[in-house]
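These notes are about the structure you will find just below.
The values are calculated or read from the model by the stated rules, or taken from the named source; none is laboratory data. Predicted, not measured: the structure shown is a model, and the values here were computed from it. Because the Cβ atoms are built from the backbone with ideal geometry, glycine has one as well, and the counts that use them run over all protein chains shown. With ligands, DNA and RNA removed, areas are computed over all heavy atoms of the protein, side chains included. Shrake-Rupley method; radii C 1.70, N 1.55, O 1.52, S 1.80 Å.
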Amino acid sequence: MALILIRADNKKKLLNALADLERHANLKIRGKPRLVDNRIADKIVSSILGGEVKRKSSMAVAVNVEEDDTTSIMRIKDIHPPAHVIVVSGEYPENKLLGELIREAPIFRGYYSHKRGF
């Protein structure tokens, strides 16, 4: 199971990026996407990438997918979502932090999986 963090300028881009993960990257989202404070998301990405992010995000969500980290990375590389999508691999300490944050985070409203029959 992989943990994915998505940063964007607005809700519409987040919704489109989530749909792209399922439709084009063929990743199976587990559970509901969870809102993450955009400042925390920016810090997590900065820490993983080893430098400051070029653009700050306005909104961020985290989601678990059934596929492993490597599969998720390879599939996401082939699509072009309208948001910054990063797989927070288990090798990073940020994975544990983000996992703990999303347990208590509010559900991101508005996204319905087309694969679940909604």
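Okay, residues lined up against (1) of a type in the set (S, T, N, Q); (2) crowded, with 19+ Cβ neighbours inside 10 Å; (3) under 14 Å from residue 44 (Cβ atoms):
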| residue | (1), (2), (3) |
| --- | --- |
| 66 | no, no, no |
| 72 | yes, yes, no |
| 76 | no, yes, no |
| 83 | no, yes, no |
| 89 | yes, no, yes |
| 99 | no, no, yes |
| 112 | no, no, no |
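Applying a threshold of 8 Å to beta carbon distances and a minimum spacing of six or more residues, or different chains, the list of pairs starting in segment 40-69 at a residue that is part of a strand (DSSP E or B) and ending at one that is among the hydroxyl-bearing types (Ser, Thr, Tyr) and open to solvent by less than 40 Å² (accessible area, probe 1.4 Å) reads 65/72.
Considering only segment 18-39, state which residues are over 21 Å from residue 101 (Cα atoms) and assigned to a helix (DSSP H, G or I). 19, 20, 21, 22, 23 - these are the residues of segment 18-39 that are over 21 Å from residue 101 (Cα atoms) and assigned to a helix (DSSP H, G or I).
The set of residues in segment 11-34 that are open to solvent by 60 Å² or more (accessible area, probe 1.4 Å) and of a type outside the set (D, E, K, R) comprises 16, 24, 26.
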